[in-house]
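Peer 1: This structure is in structure tokens; I'll ask about it shortly.
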Amino acid sequence: MEHTQSSQLFKQAQKVIPGGVNSPVRACRSVGCDPVFITEAKGATLTDADGNKYVDFVGSWGPMIVGHAHPEIVGAIQKTAELGTSFGAPTPLEIDLAQMVVEAVPSIEKVRFVNSGTEATMSAVRLARGYTGKNIVVKFDGCYHGHADSFLVKAGSGVITLGIPGSPGVPDDIVKNTISIPYNNVEVLEKTLRDKQQDIACVIVEPVAGNMGCVPPAAGFLQAMRKLTSELGIVLIFDEVITGFRLSYGGAQEYYNVTPDLTCLGKIIGGGLPVGAYGGKAEIMNEVAPDGPVYQAGTLAGNPLAMVAGVATLRLLQRPDFHKDLESKAAEYSERLQTVAKKTGVPVHLNRVGSIMTGFFTTVPVTDYDSAMKADVSRYAVHYRQMLGQGIYLAPSQFEVAFISDAQTEKDLDKAIKMTEWSFKKMLEM
Ligand code: KE4
């Protein structure tokens, strides 16, 4: 595959944008190659600046659950754009999306739209602190909740991918209010919450971890978290930026039947446009300005184009059996992947929940940050480059997930399986 154009674009980009990218993980540093520049996408197919085509398993990191450039979504954006793109005033369109979110997620009685997942989680934590009058946030090693100061403590996604311990620029005064503990460890969770109950405002968790690779909650983990936080008067925040509207129409909280106090959303609800949201019990949400004293604002929050893209996307997810069909498609694909691993003898531990999955190059089960870090990242890098060269677009990090969408065809998945087998066999010859 030729990448001449992408290489030239990358050189130009690096002159004016840090690392040549607007989000670190896209720089492909951990997989040892330069990024390809994508110029267009349709369904599950990406096209790069050199005209190469790829089957897409990243889906813009989750939003593209119905595939790229879906006519219903593009049409809604086009029609709305002709009426203006941003008013800085309330629009009926915000009510449309808010009502869909509230109807889909019973624990969300009121919702506030923002422009990214980071803004959603950052605002939810501020709200929990304002509501409880307490400061400490408990998070989990390897979970990533965006790049707000409070979260860059043993965070996942790009932070572990690039091996950044936390981040310079985050004052110790902030870090001291964040406690990060092992995912899937109820004993440590219980001890931490009971010991520091009087100072803990909230626990924030990815109900299915997607930023150390896919790590499902151990049986009873979320239920124990809910029981403890309710007993101890601690706000439970589900960061459903990835899982919201993905694991089921009601997200992970419906999938696992565990109800948080606040929920953060993003990705899918914007249909590919910048949207985040946080919502929950009216009793807590009524503390948000202008009703309450907890301040949060945003020039483009509730942007008309983003709202209609979200509405059009959620409408498509209301198709009967959408999530059931997506789950069985993903289940079949992950079984085929595991068969290839067994057949070729390449040790892979595959975690899957719904339509998100990660194949870890390791022989041990991956249940938390420490076990995820045992994965062979250099082997993943070889696999990534080999698959890219064969037109399969995977996440440029072992610590991210692959997304199955409604758009990948049987032909796409067959090609990916075939290329996986080829890549594994080639790997063993190295
Ligand atoms: P954004 O600010 O990137 O919209 O959302 C932050 C965020 C919050 N919570 C969860 C569970 C998330 O996964 C994310 C962002 N996800 C990463 C990929 N896993 C975004 C990719 C990137 O940083 O470029």
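The values are calculated or read from the model by the stated rules, or taken from the named source; none is laboratory data. Predicted model, so just to flag it, every value in this text is computed and none were measured. In this analysis, Cβ positions are derived from the backbone assuming ideal geometry, glycine residues included, and neighbour counts consider all displayed protein chains. Accessible surface is based on the protein model in full, side chains and every heavy atom, while ligands, DNA and RNA are left aside. Shrake-Rupley method; radii C 1.70, N 1.55, O 1.52, S 1.80 Å.
Peer 1: Could you tell me the relative contact order of segment 78-191? Use alpha-carbon pairs under 8 Å, at least six residues apart, and round to a whole percent.
Peer 2: Working: 102 pairs, mean separation 21.7, N = 114.
That works out to 19 percent.
Peer 1: Considering only Cα-Cα distances, which of the following residue pairs are longer than 21 Å: 342/418; 15/154; 343/418; 176/196? Show your work: numbers first, answer last.
Peer 2: Working: 342/418 14 Å; 15/154 31 Å; 343/418 12 Å; 176/196 13 Å.
Result: 15/154 exceed 21 Å.
Peer 1: Where in the chain lies the longest segment free of GluC sites (Glu not before Pro) that are both loop residues by DSSP (not H, G, I, E, B) and have at most 13 other Cβ atoms within 10 Å?
Peer 2: Details: sites that count: 2, 82.
Free of exposed loop sites, the longest segment is 83-430.
Peer 1: Residue 145's amide H: which non-local residues (gap 5+, or another chain) put their own amide H closer than 5 Å, with H modeled 1.01 Å from N in plane and none for Pro or chain starts?
Peer 2: Counting only residues 5 or more places away or on other chains, the set is 156.
Peer 1: Tell me the per residue accessible area of segment 22-117 using a 1.4 Å probe; a whole number in Å² is fine.
Peer 2: Working: 4680 Å² over 96 residues.
Dividing the accessible area of segment 22-117 by its residue count gives 49 Å².
Peer 1: Towards the positive end of the charge dipole of segment 297-406, with charges on Cβ (+1 Lys, Arg; -1 Asp, Glu), say which of 388, 351, 371 has the farthest Cα.
Peer 2: The one lying farthest along the dipole's positive direction is 388.
Peer 1: From the phi angles alone, apply the Karplus equation (6.51, -1.76, 1.60; θ = phi - 60°) to segment 328-335 and give each ³J(HN,Hα) in whole Hz, x where the residue is Gly or Pro.
Peer 2: 6, 4, 5, 5, 5, 4, 5, 5
Peer 1: Oh, and also: Using alpha carbons only, how many angstrom separate the centre of segment 243-318 from the centre of segment 105-132?
Peer 2: Their Cα centres are 8 Å away from one another.
Peer 1: Please report, in debye to the nearest 20, how large the charge dipole of segment 71-317 is about its Cα centre when each Lys and Arg carries +1 at its beta carbon and each Asp and Glu carries -1 there.
Peer 2: Details: 18 positive and 24 negative charges, 45 e Å.
Once rounded to the nearest 20, the dipole reads 220 debye.
Peer 1: If exposed trypsin sites (Lys or Arg not before Pro) are those in a DSSP loop with at most 16 other Cβ within 10 Å, what is the longest stretch of the chain that has none? The partial results should precede the final answer.
Peer 2: Values: sites that count: 176, 196, 374.
The longest uninterrupted stretch comes out as 197-373.
Peer 1: Taking amide H atoms as placed 1.01 Å from N in the peptide plane, list the residues 5 or more away in sequence, or in a different chain, whose amide H sits under 5 Å from that of residue 367.
Peer 2: 372
Peer 1: Which value in nm describes the separation of the simple spin-label points at residue 410 and residue 283, placed 7 Å from the Cα toward the beta carbon?
Peer 2: If labels sit at residue 410 and residue 283, their model points lie 5.2 nm apart.
Peer 1: Using a Gaussian network model of the chain with C-alpha springs under 10 Å, which one of 98, 89, 224 is most mobile by mean-square fluctuation?
Peer 2: Comparing 98, 89, 224 in a Gaussian network model of the chain, the most mobile one is 89.
Peer 1: Amide H neighbours of residue 39 under 5 Å, counting only residues 5+ apart in sequence or on other chains, H built in-plane at 1.01 Å?
Peer 2: Here the answer is 47, 48, 49, since their amide H atoms fall under 5 Å of that of residue 39.
Peer 1: Can you tell which of 138, 44, 31 lies farthest toward the positive end of the dipole of segment 10-168, using +1 and -1 charges on the Cβ of basic and acidic side chains (Lys, Arg; Asp, Glu)?
Peer 2: In segment 10-168, that residue is 138.
Peer 1: In the chain, which longest range has no chymotrypsin sites (Phe, Trp or Tyr not before Pro) that are both DSSP loop (not H, G, I, E or B) and surrounded by at most 13 other Cβ atoms within 10 Å? The partial results should precede the final answer.
Peer 2: Values: sites that count: 87, 295.
Counting at most 13 other Cβ atoms within 10 Å as exposed, the longest clean stretch of the chain is 88-294.
Peer 1: With an 8 Å cut-off on Cα pairs and a minimum separation of 6 or more residues, tell me the relative contact order of the chain in percent.
Peer 2: Details: 867 pairs, mean separation 97.9, N = 430.
This gives 23 percent for the chain.
Peer 1: Please give the charge dipole size of segment 182-318, origin at the Cα centre, charges +1 on K and R Cβ atoms and -1 on D and E Cβ atoms. Round to the nearest 20 debye.
Peer 2: 340
Peer 1: Counting Lys and Arg as +1 and Asp and Glu as -1, each charge on the Cβ, what is the dipole of the chain about the Cα centre in debye, to the nearest 20?
Peer 2: Numbers: 39 positive and 45 negative charges, 155 e Å.
That gives the chain a dipole magnitude of about 740 debye.
Peer 1: In segment 71-317, if the dipole is taken from +1 on Lys/Arg beta carbons and -1 on Asp/Glu beta carbons about the Cα centre, which of 312, 127, 158 is farthest to the positive end?
Peer 2: 158
Peer 1: Tabulate in residue order the Karplus-calculated ³J(HN,Hα) for segment 103-108, using 6.51 cos²θ - 1.76 cosθ + 1.60 with θ = phi - 60°, rounded to whole Hz; enter x for Gly and Pro.
Peer 2: With the stated coefficients, segment 103-108 comes to 6, 7, 10, x, 6, 9 Hz.
Peer 1: Still on this structure, I have one more. Is segment 71-317 best put as rounded, prolate or oblate by its Cα gyration tensor, with a ≥ b ≥ c the root eigenvalues, rounded for a/c under 1.5, and otherwise prolate when a/b is larger than b/c, oblate when not?
Peer 2: Values: a/c = 1.65, a/b = 1.60, b/c = 1.03.
Prolate, because a/c is 1.5 or more and a/b exceeds b/c.
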